[in-house]
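First up is the structure itself, then whatever we jot down about it.
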Amino acid sequence: MLDFFTIFSKGGLVLWCYTFQGVKTNFSEPINALIKSVILQERGGSALFNHGALQMKYKLDNEFELVFVVGYQKILSLLYVDKFIDDVHRTFRDRYRQKLLEGSLILLTTNFDFESMFTKMLRNAEETKTQQVVMKKFHESDKAKKTVKSLVIDQNKKDGKETENKAKVIKKGSPKSITNGTGSVESSPKTQRETESPEIARNREKFIQKRTKVAKATMKEGKKAPERKGKLNRVWDKGGTAKDTKDLDYSAPPTMTNGHSNEQVEKEELTEEQRALCRNIRALDDDDEDEEIEELEVDEKKSSGGFFSVFRGLVGAKGLTKEALQPALDTMGDHLIAKNVAADIAKKMCDSVATKLEGKVLGTFSTIAYTVKQSLNESLVQILTPKRRVDILRDVLESQRAGKPYVITFCGVNGVGKSTNLAKICFWLMENGFRVLIAACDTFRAGAVEQLRTHTARLSALHPPSMHGGRESVHLFEKGYGKDAAGIAMQAINTAREMRHDVVLVDTAGRMQDNEPLMRALAKLIAVNSPDLVLFVGEALVGNEAVDQLVKFNQALADHSNVQNPRTIDGIVLTKFDTIDDKVGAAISMTYTTGQPIVFVGTGQSYPDLRSLNAKAVVNALLK
Amino acid sequence: MPNMRVKQLLPPKPFEIFHMERSCCEVRLEMSSSIEYYNQLMKDAGVDGGVFAVLIGLFIVFCTAVLWRFITGSSSNRNGVLLIGLSDAGKTNLFSQLVSGTGRSTQTSLKENEASYAVEGAKRSESLTLLDLPGHEAIRQQFVEKFKDKARGIVYIVDSETFQKNIKDVAEFLFQILTDKSINKISPKVCIACNKQDKLMAKSKKVIQLQLEKELNTVRKTQSAALSSTSGSGDDNVYLGIKGEEFQFSHVKKFKLEFLECNAKSDDGAKSNIDEVKSWISSLV
């Protein structure tokens, strides 16, 4: 039922591959897609990946640097795959442990003959899956093993004299339980306890068990367990039958031989029991002390082991477990959240670091915290490093050669700095000798067009036509307020083509991500004009909102366009970077959510305040 | 009985003196006296004791530093050959061919591959380490940073078949390598290996050289005009070639750039041909 199973090293060498019969296609392409999108984008928390009709599960071995991948058709829901991968991993590792410990040279030259074992394990896995769970017959169940008497609710114990009887019953029950030993502790008091709540029953049983330990040391063991009697007639003391006349005769003074009078007997019994209780309590305290002493001893043993285990941890050859990693990961997760990374992004990062470190053997003198920090550092730098080439000037030159304008669209929520950063980018492009057309597609906000007009005037003053061979380097294309933004953008691009402008910067109105009609309008603008670069402008002050904004923007752009491959966000502009000190987590949230690079960073309100992102510096500030 | 008394009256023999208890005061007296003796010696020689101690300390530190540099930092210690290039250029395949002589199916690398490589006819102390670094954009910079100090030679592998499509990416990565400050300081030998020559649409090395020169000319302009980074630094990169002239590979003399052709895969009838690369690597020793 599986399509393929591959084992390859993290360095890329395929150690062993198995394609099932009847499956012809080469699987290197989906596996490469799995590696690029899941492992390299740090989405390692969930081990599932869909590529077309294929679903793939993978497992990392961090001790020997291997990756195990299994692929099968998505429509089949196979339940044994998880356990199967684990089994294969364990078997492979155990079998080739020696070879794997040596270097790449051995990996290259060995021929891993794993097929027979693999087919055997696959057959086992498939068979266990197909075994039907057979229903138990009645005589096999636990209920049949109980006797009828244990199930009978003793009606007489129900109400009224419950508390007294309970007290007596405990005492009666405990000697039973003492002498019966540990086995029947649960069964004897059970019949009398049905009316109580389970918690009280549990506590009472615990209490009784404690007392049994004590009783073995202190109390006498002469009492025999009474036979489980059948239903007896209830005998009331002084119930008023003829037999009781002797007892009811108080004319004579009480004698010692008969025992005492009943009251005295009871009193003595009570005092006896109370003394016994006190003894028990003291004994219990002793017992507790004993336990405490035992625990202390155990702790000391542990701590003495712990003293040496510090060194053992430094020198030892054990792999890391998830439990060992958890405290360090929790600290790092909290640290990231304190630095303004969105909460579930921080959690996902920690999960992926856990997947990468599980089973890894630490080197000498490296602590868990240090290893986790290093690994997290690498992952964060990996996320912030662009996955494609980011060189706007080169692309503009390319479009210039092709004779068409390079269109950049700015979108984002209200008030993040779209117009300001548009002006900064325009200034930068003009500095590099390009002619820019600004399209004022924000036809809603009052003063938007005037704002852009002011910017254009200033930029023109900074770059007069005399500097650029008599031609104006910046123009504004606007059609006032209230018009359709997509139409204005299209006209602007046509104008730019005619007037030989190199770049068109399209400014759109800010909109909330859950405002459906506005998102539809934006999607229409982008789908109709198909810009070369769709930039999402986000401010660095945003926290968990960043994830929501980006997800909803991407979704809207994908949903409301009618083409096969919809245009989604291509890059991010991170603004107001000068207002955050070192709480730079928003950068991580945004790049993790979209997978797109941060193209520009805005660090102020004047024209030169535009930077590119330095991944290492940001991650250092984040993990400081 | 008179004998015993006589014995007691005899003076203690020399070896008995050692067993006599010496109080710590006696020991201290002895030591201080010897220290005074040496101090006196030094004063006679004209050397001040304190200065002398400082001089000895400095000398030890100096010796350690020299030894340290000798052990770790000398150029003879740099014997790595880095195989770098874009994703899917054929680095891991070439690595396996060079090390074991057989090709192997490969996937996208997540980590580096490292193996020692014995050059034929060279002394045993001169063995090189082949390092195959991953080419994926997100992680390649980290690995280059890690291993660039060990480079004696860099093999930049180019996929000749998809070169035309990816020329911008190829040029950008090559530009980053050639203008890196620490790589310029070490100045290893660099060769550009045009891989996958067995494919039908593969470009020859001359064509690749010409196209790369033109592209690097443009990249040089755009990268110098790029925005500075948020941390303020990032402009210490070296200028490639000669200012004011069209870029040519002959301008970059310190890397002794060479163009090679090779073909690392050995199935589908075409035999692998990596002799040029092998002879280039032997020339490193």
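The values are calculated or read from the model by the stated rules, or taken from the named source; none is laboratory data. All values reported here derive from a predicted model rather than from experimental measurement. When we count neighbours, we look across all protein chains shown, and the Cβ atoms used for this are built from the backbone with ideal geometry, even at glycine.
Here are the numbers:
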| quantity | calculated |
| --- | --- |
| B:Glu215 being away from every other protein chain (no Cβ under 11 Å) and in contact with a helix residue (DSSP H, G or I) (Cβ under 7 Å, 6 or more places away or on another chain) | no |
| Any chance A:Gln374 is within 14 Å of chain B (Cβ to nearest Cβ) and of a type outside the set (D, E, K, R) | yes |
| Flag if B:Ile183 is β-branched (Val, Ile, Thr), part of a helix (DSSP H, G or I), assigned by TED's automatic domain parsing to the domain that holds B:Tyr239 and within 15 Å of the chain's Cα centre (by Cα) | yes |
| Residue satisfying all of: in the stretch A:32-57; touching a helix residue (DSSP H, G or I) at 6+ places or on another chain (Cβ under 6 Å) and in a loop (DSSP other than H, G, I, E, B); modelled with the lowest pLDDT among these | A:Gly45 |
| First in the stretch B:91-107 and assigned by TED's automatic domain parsing to the domain that holds B:Val277, second anywhere and in a loop (DSSP other than H, G, I, E, B) and of a type in the set (A, V, I, L, M), Cβ under 6 Å, 6 or more apart | B:Asn93/B:Ala264; B:Leu94/B:Ala264; B:Gln97/B:Ala264; B:Gln97/B:Ile274 |
| Odd one out for B:Arg220 among (1) within 14 Å of chain A (Cβ to nearest Cβ); (2) surrounded by 16 or more Cβ atoms within 10 Å (Cβ to Cβ); (3) of a type in the set (D, E, K, R); (4) under 24 Å from B:Leu131 (Cα atoms) | (4) |
| B:Gly57 being modelled with pLDDT under 75 and either out of contact with any Leu (no Cβ under 9 Å at 6 or more places or on another chain) or away from chain A (no Cβ under 14 Å) (or both) | no |
| Selection within the stretch A:582-624 - away from every other protein chain (no Cβ under 12 Å), over 17 Å from A:Ala342 (Cα atoms) and of a type in the set (D, E, K, R) | A:Lys624 |
| Residue within the stretch B:181-196 that is within 14 Å of chain A (Cβ to nearest Cβ) and among the aliphatic types (A, V, I, L, M) present | no |
| Some residue of the stretch A:525-547 being small (Gly, Ala, Ser), outside any loop (DSSP other than H, G, I, E, B) and surrounded by fewer than 19 Cβ atoms within 10 Å (Cβ to Cβ) | yes |
| Selection status of A:Phe410, of a type in the set (Phe, Trp, Tyr) and in contact with a Lys or Arg (Cβ under 6 Å, 6 or more places away or on another chain) | yes |
| Residue in the stretch A:567-580 that is away from chain B (no Cβ under 14 Å) and either closer than 13 Å to B:Thr230 by Cα or more than 28 Å from the chain's Cα centre (by Cα) (or both) present | yes |
| The lone exception for B:Ala171 - which of (1) touching a helix residue (DSSP H, G or I) at 6+ places or on another chain (Cβ under 9 Å); (2) within 14 Å of another protein chain (Cβ to nearest Cβ); (3) part of a helix (DSSP H, G or I); (4) surrounded by fewer than 20 Cβ atoms within 10 Å (Cβ to Cβ) it fails | (4) |
| In the stretch A:108-126, the residues that are exposed (fewer than 14 other Cβ atoms within 10 Å of the Cβ) and either more than 23 Å from B:Gln97 (Cβ to Cβ) or away from every other protein chain (no Cβ under 14 Å) (or both) | A:Asp113, A:Glu115, A:Ser116, A:Met117, A:Thr119, A:Lys120, A:Arg123, A:Asn124 |
| Whichever residue in the stretch A:308-335 is among the basic types (Lys, Arg) and more than 23 Å from A:Asn377 (Cα to Cα) and, among such residues, is modelled with the lowest pLDDT | A:Arg312 |
| Failed item, numbered, when B:Gln176 is tested on (1) within 14 Å of chain A (Cβ to nearest Cβ); (2) among the polar types (S, T, N, Q); (3) not in a helix (DSSP H, G or I) | (3) |
| Long-range neighbours under 7 Å by Cβ, at least six apart or interchain, first residue within 14 Å of chain A (Cβ to nearest Cβ) within the stretch B:136-165, second assigned to a helix (DSSP H, G or I) | B:His136/A:Lys36; B:Ala138/A:Gln382; B:Ile139/A:Gln382; B:Gln142/A:Glu378; B:Gln142/A:Val381; B:Ile157/B:Lys91; B:Ile157/B:Leu94 |
| Within the stretch B:88-122, considering residues that are acidic (Asp, Glu) and within 7 Å of another protein chain (Cβ to nearest Cβ), the one surrounded by the fewest Cβ atoms within 10 Å (Cβ to Cβ) | B:Glu114 |
| Candidates A:Phe84, A:Phe118, A:Phe64, A:Phe92, filtered to the one that is in contact with a helix residue (DSSP H, G or I) (Cβ under 7 Å, 6 or more places away or on another chain), in contact (Cβ under 8 Å) with a residue 60 or more places away in the chain and under 27 Å from B:Lys111 (Cα atoms) | A:Phe118 |
| Tally, over the stretch A:570-593, of residues that are of a type in the set (Lys, Arg) and more than 11 Å from A:Glu539 (Cα to Cα) | 1 |
| Residues within the stretch A:502-522 that are without any contact (Cβ under 8 Å) to a residue 40 or more places away in the chain and of a type in the set (A, V, I, L, M, F, W, C), tallied | 2 |
| Qualifying positions in the stretch A:595-624 - in contact with a Gly (Cβ under 9 Å, 6 or more places away or on another chain) and of a type in the set (S, T, N, Q) | A:Gln596, A:Gln605, A:Ser612, A:Asn614 |
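Residues are listed down the side, and each one gets a yes or a no for (1) closer than 30 Å to A:Val619 by Cβ; (2) within 14 Å of chain B (Cβ to nearest Cβ); (3) polar (S, T, N, Q):
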site	(1), (2), (3)
A:Arg389	yes, yes, no
A:Leu393	yes, yes, no
A:Ser399	no, yes, yes
A:Val413	yes, no, no
A:Thr420	yes, no, yes
A:Val436	no, no, no
